[in-house]
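A short worksheet on the structure shown next.
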Ligand code: HEM
Ligand code: FES
């Protein structure tokens, strides 16, 4: 057996490389196992949802469904939009976003958001008449007390981000397609 | 065939024949027959055996429940109801399994508190203790996934909130949660994997318990004085002295457990656990099982973001702090053997530590209560104080007390302990 000055032998080298190959093999075998737990093709098959807005009255909030998630749709009045935009300097918010950037231009009264609290995934209250809406008149999450304003922005409580706006577009003035 | 040197001789020739080929009877005699137990071990030393019994009860009832259970979101709830109504003794299997989880945690929490009080986590039992904390974490994971199986409102929303914890991890968090769910919300793929893992993990726990007991039988049991046995005078053989004592404790514990199963089977369960899961509606209040409440309260206690001073750049969002606090509270237990600097093991001889530990127990009870109540309000502050004490206890008091506490005289041996002079 050849041996270098510090005593390392050819056998040590073979042990190490064999061990390393073994580790690579185990790692490779883990890939399909781990990957099988990610969303399957049928789950991924992107569904789109269309929502007819024509029968949602001013001041009314409804909940639609997209990809198994609730979608909050709020038909705000023009004054409300004005109030929300004047109420606070959005630069100072926890997740700084202007109200205008959360709606589609020209459809500023329509607020469309994924109705899932960005804290730990509960569905905030406030869409039904008589629900608690929190201090800021938007949505209130009963799980750990996050409060969202009338633009769906996080104002108080543990949630880190504003209610997410899903990808959607106006097909016509009264029809949106989500997804 | 010649006997291997380390086996013993048995009178029964069948046992002898087997033992020569597989020295299992030698092992049993050594570990559970003549095994030397400190003679002063009190009833708190019975809870390890009680916990093991509960684990076996959970596995046995679980296997039979699984024969009637369907892990599909459309069928799961009804299959559990069918177990309750139509399956012979199905109600008994389920009530024993449901309440068994609670009593398993009761036994394990008492077992852990025993360790904290008598310093059982200290040298030479550090690894034994760490393996124990691993068991606790595995138990929590198992119970959490089991609770999701009946697919009730509490099942689905509990699963949503707890899996969403991982979304607090920067960068990979959201992808990790999608991976855990196998989709974009808690749905059928989630239920299927929870069932698979809920079936598997208890057997993993059994394996880890084996390692735990193995390590125990290397160091031997601690005792109320915290002084290691010095001579044979300090110990008694496990059988019959402690087999009898443990059996008495076990029967008493089982009496209480079965009284709850038969007379108040739903005392520990939320009404929303009997409504079908509706992913479109969160129940007014999500309350975890009682054994998670203190940790849940710690999670909710972190409500303020931490900014880099004089800027508005958030370095630690409240949500991440909460998650770190919750997992940290368990990890602290793991490193406890190195946080405790005191030379004295047993709290009996530690007049200050004793009170600190009692305060820890009180703060855990307070946290448990706060966790069971709706979020926010003045209770939130109470929860924050209790959370602060939990961390203060382990991070500050335990290390500092080792240096400043004036301990009482420790007996030279177990037999010199006044309580043990008979
Ligand atoms: C560490 C041991 C175990 C713990 C702590 C545990 C805990 C739980 C909990 C808390 C539930 C929810 C009960 C309910 O609310 O209805 C549950 C349900 C269930 N568990 Fe386990 N379990 C354990 C072992 C097992 C094993 C080994 C199996 C199967 C081999 C099993 C099968 C089931 C099934 C089928 C259900 C759903 C039916 C039901 O809810 O009654 N469990 N488990
Ligand atoms: S999930 Fe909404 S506040 Fe925690």
request  = Determine which single condition residue A:118 fails, assuming it passes every other condition in (1) at pLDDT 95 or above; (2) surrounded by 18 or more Cβ atoms within 10 Å (Cβ to Cβ).
outcome  = (1)
message = For the list (1) free of Cβ contacts under 8 Å to residues at least 24 places away in the same chain; (2) within 28 Å of residue B:57 (Cβ to Cβ); (3) more than 13 Å from chain A (Cβ to nearest Cβ), I need the number of the one condition that residue B:193 fails.
response = (3)
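Any idea which of B:272, B:234 is more than 30 Å from residue B:38 (Cα to Cα), away from chain A (no Cβ under 11 Å), in contact with a strand residue (DSSP E or B) (Cβ under 8 Å, 6 or more places away or on another chain) and surrounded by 15 or more Cβ atoms within 10 Å (Cβ to Cβ)? Let's see the steps before the verdict.
Numbers: B:234 fails: more than 30 Å from residue B:38 (Cα to Cα).
Selected residue: B:272, the only one of B:272, B:234 that is more than 30 Å from residue B:38 (Cα to Cα), away from chain A (no Cβ under 11 Å), in contact with a strand residue (DSSP E or B) (Cβ under 8 Å, 6 or more places away or on another chain) and surrounded by 15 or more Cβ atoms within 10 Å (Cβ to Cβ).
Do we have residue B:294 as assigned to a loop (DSSP other than H, G, I, E, B), in contact with a helix residue (DSSP H, G or I) (Cβ under 8 Å, 6 or more places away or on another chain) and farther than 24 Å from residue A:96 by Cα here? It would help to see each step written out before you state the result.
Details: assigned to a loop (DSSP other than H, G, I, E, B): no; in contact with a helix residue (DSSP H, G or I) (Cβ under 8 Å, 6 or more places away or on another chain): yes; farther than 24 Å from residue A:96 by Cα: yes.
Criteria not met by residue B:294.
Which of the residues spanning region B:63-73 are more than 14 Å from every other protein chain (Cβ to nearest Cβ) and either within 16 Å of ligand 2 (Cβ to nearest atom) or not in a helix (DSSP H, G or I) (or both)?
So in region B:63-73, the residues more than 14 Å from every other protein chain (Cβ to nearest Cβ) come out as B:63-72.
Across region B:63-73, the qualifying residues are B:67, B:68, B:69, B:70, B:71, B:72.
Which count do you get for residues in region B:254-267 that are buried (at least 16 other Cβ atoms within 10 Å of the Cβ) and either within 16 Å of ligand 1 (Cβ to nearest atom) or within 14 Å of chain A (Cβ to nearest Cβ) (or both)?
Going residue by residue through region B:254-267, those that are buried (at least 16 other Cβ atoms within 10 Å of the Cβ) are B:254, B:257, B:260-261, B:265.
Then drop every residue that is not either within 16 Å of ligand 1 (Cβ to nearest atom) or within 14 Å of chain A (Cβ to nearest Cβ) (or both), which leaves B:257, B:260-261, B:265.
Residues flagged as buried (at least 16 other Cβ atoms within 10 Å of the Cβ) and either within 16 Å of ligand 1 (Cβ to nearest atom) or within 14 Å of chain A (Cβ to nearest Cβ) (or both) within region B:254-267 amount to 4.
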task = Keeping to region A:35-46, report how many residues are over 21 Å from the mean Cα position of the chain (by Cα) and exposed (fewer than 10 other Cβ atoms within 10 Å of the Cβ).
result = 1
message = Quick test of your reading of the structure: residue B:121 fulfils all but one of (1) part of a loop (DSSP other than H, G, I, E, B); (2) surrounded by fewer than 17 Cβ atoms within 10 Å (Cβ to Cβ); (3) in contact with a helix residue (DSSP H, G or I) (Cβ under 7 Å, 6 or more places away or on another chain). Name the failing condition by number.
response = (2)
task = Filter region A:129-162 down to residues that are in contact (Cβ under 8 Å) with a residue 60 or more places away in the chain and within 14 Å of chain B (Cβ to nearest Cβ) and give me whichever is farthest from residue A:107 (Cα to Cα).
result = A:160
key: Test for residue B:357: is it in contact (Cβ under 8 Å) with a residue 60 or more places away in the chain, under 30 Å from residue B:229 (Cβ atoms) and not assigned by TED's automatic domain parsing to the domain that holds residue B:114   = yes
query = Which one of A:152, A:134, A:106 is modelled with pLDDT under 95 and within 30 Å of residue B:298 (Cα to Cα)?
reply = A:134
inquiry  = Just to check your reading of the model, which residue among B:313, B:298, B:286 is surrounded by 15 or more Cβ atoms within 10 Å (Cβ to Cβ) and at pLDDT below 90?
reply    = B:286
task = Would you mind telling me which numbered condition in (1) within 20 Å of residue A:126 (Cβ to Cβ); (2) free of Cβ contacts under 8 Å to residues at least 40 places away in the same chain; (3) over 18 Å from the mean Cα position of the chain (by Cα) residue A:29 fails?
result = (1)
note = Checked A:108, A:99, A:74, A:89 against criteria (more than 16 Å from ligand 1 (Cβ to nearest atom) and either within 25 Å of residue B:161 (Cβ to Cβ) or facing another protein chain (nearest Cβ under 10 Å) (or both)); the one match is A:74
note = Considering only helices (runs of 4 or more DSSP H) wholly within region B:135-231, the ones with at least 2 residues that are more than 23 Å from residue A:158 (Cα to Cα) are B:188-219
task = Name the one entry in B:171, B:161 that is more than 13 Å from ligand 1 (Cβ to nearest atom) and touching a residue at least 24 places away in the same chain (Cβ under 8 Å).
result = B:161
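Kindly indicate which of B:96, B:60, B:80 is more than 13 Å from the chain's Cα centre (by Cα), without any contact (Cβ under 8 Å) to a residue 12 or more places away in the chain and assigned to a helix (DSSP H, G or I).
Working: B:96 fails: without any contact (Cβ under 8 Å) to a residue 12 or more places away in the chain; B:80 fails: without any contact (Cβ under 8 Å) to a residue 12 or more places away in the chain.
Result of the check over B:96, B:60, B:80: B:60.
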request  = Could you tell me whether region B:333-353 includes any residue that is under 23 Å from the mean Cα position of the chain (by Cα) and farther than 14 Å from residue B:119 by Cα?
outcome  = no
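Is it the case, given these coordinates, that residue B:113 is within 16 Å of ligand 1 (Cβ to nearest atom) and either at pLDDT below 95 or in contact with a helix residue (DSSP H, G or I) (Cβ under 8 Å, 6 or more places away or on another chain) (or both)? Steps first, answer last, please.
Numbers: within 16 Å of ligand 1 (Cβ to nearest atom): no; either at pLDDT below 95 or in contact with a helix residue (DSSP H, G or I) (Cβ under 8 Å, 6 or more places away or on another chain) (or both): yes.
When the stated conditions are applied, residue B:113 does not pass them.
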key: Hits in region B:194-223 (condition: out of contact with any helix residue (DSSP H, G or I) (no Cβ under 7 Å at 6 or more places or on another chain), surrounded by fewer than 17 Cβ atoms within 10 Å (Cβ to Cβ) and more than 30 Å from residue B:345 (Cα to Cα))   = B:196, B:200, B:203
note = Picked from region A:155-179 (must be more than 20 Å from residue B:167 (Cβ to Cβ) and in a loop (DSSP other than H, G, I, E, B)), the residue nearest to ligand 1 (Cβ to nearest atom) is A:179
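The values are calculated or read from the model by the stated rules, or taken from the named source; none is laboratory data. Since we're looking at a predicted model, the values are computed, not measured. Don't worry about glycine lacking a Cβ; one is built from the backbone with ideal geometry, like all the others, and counts go over all protein chains shown.
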